[in-house]
Amino acid sequence: MNIVLFGPPGVGKGTQGIQLSEALGIVQIAMGDLLRAAVKDGTVLGIKAKSFMDAGKLVPDNVVIGMIEERITAADAEAGFLLDGFPRNVAQAEALALMLDEHGLKIERVVFMSAPESMLLERLSGRLICKACGFGFHRHYSPPREEGCCDQCSGELYQRDDDREEVIVQRLSVYQEQTQPLLDYYSNSNGFSKIDAAGEVQDVYKKLEKVVQG
Ligand code: AMP
């Protein structure tokens, strides 16, 4: 099964997407993770992307569209994939539809996740991520047992550069302007659902599972 998860930054796409993709035996493809890996590796695309990411802006479409095409056509995506953070605007959604068509693929489920903006701000500004395994914590809501240290692998925890308050505000405004219009784009398509993602992780997961199995 191929799935698109979309919604504002901080709504929990990553957390829910990992759990769902593992349950379904498909790969989770998070655009932000692909870009952060390219930045870390110092690739040409990573160097291009960095300034946009640091400023909380969208990386140009031609960069992300090429990266996604390469990823969804890789051997490990044959059993299915879950896209998190792509598409993020209507031009990307149109490019995705075209490339899927060309490769004889289709999206079976599109799930929109929502939560109030005050909650998104709180979630993002308290977020801590493990440098080694990528597991996520929150300073107040799900703190690690030992400060600065991952419960899963003892890796070092860090705050993403773009999880600083001024960048979060910019990311939320980019979301409103560019990503929110995807709701209109997808709302009449087959397999579209919306879920309220303001609750506890496991409660949100149950809703997600239900609409995906729908
Ligand atoms: P995320 O990890 O999903 O919060 O993404 C982090 C950053 O990566 C975003 O703020 C953008 O700068 C960039 N990014 C992620 N996905 C996309 C996309 N589909 N299009 C353009 N830029 C993206």
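Values quoted throughout were computed directly from the atomic coordinates according to the rules given, and no laboratory measurement underlies them. Values in this document were obtained by computation on a predicted structure and should not be read as measured data. As a convention, Cβ positions derive from the backbone with ideal geometry for all residues, glycine included, and neighbour counts pool all protein chains shown.
Worth pointing out:
- Structure-based [θ]222 nm, the chain - -39500 (n - 2.57) summed over DSSP H runs of at least 4, per residue, nearest 500: -13500 deg cm²/dmol
- Fully extending the segment from residue 180 to residue 121 would add 19.6 nm, taking 0.36 nm per residue of separation and subtracting the current Cα-Cα distance.
- Mean Cβ neighbour count within 10 Å, used as a protection proxy, ranking 180-189, 155-164 highest first: 155-164, 180-189
- All lysines inside 28 Å of residue 207 as judged from Cα atoms, apart from same-chain residues fewer than 8 positions distant: 13, 106, 194
- Reciprocal of mean inverse Cα separation for segment 29-161 (Kirkwood radius, Å): 16.8 Å
- Residue with peak Gaussian network fluctuation, the chain [Cα springs, cutoff 10 Å], from 66, 46, 56: 66
- Based on Cα contacts under 8 Å between residues 6+ apart, segment 99-214 shows a relative contact order of 33 percent.
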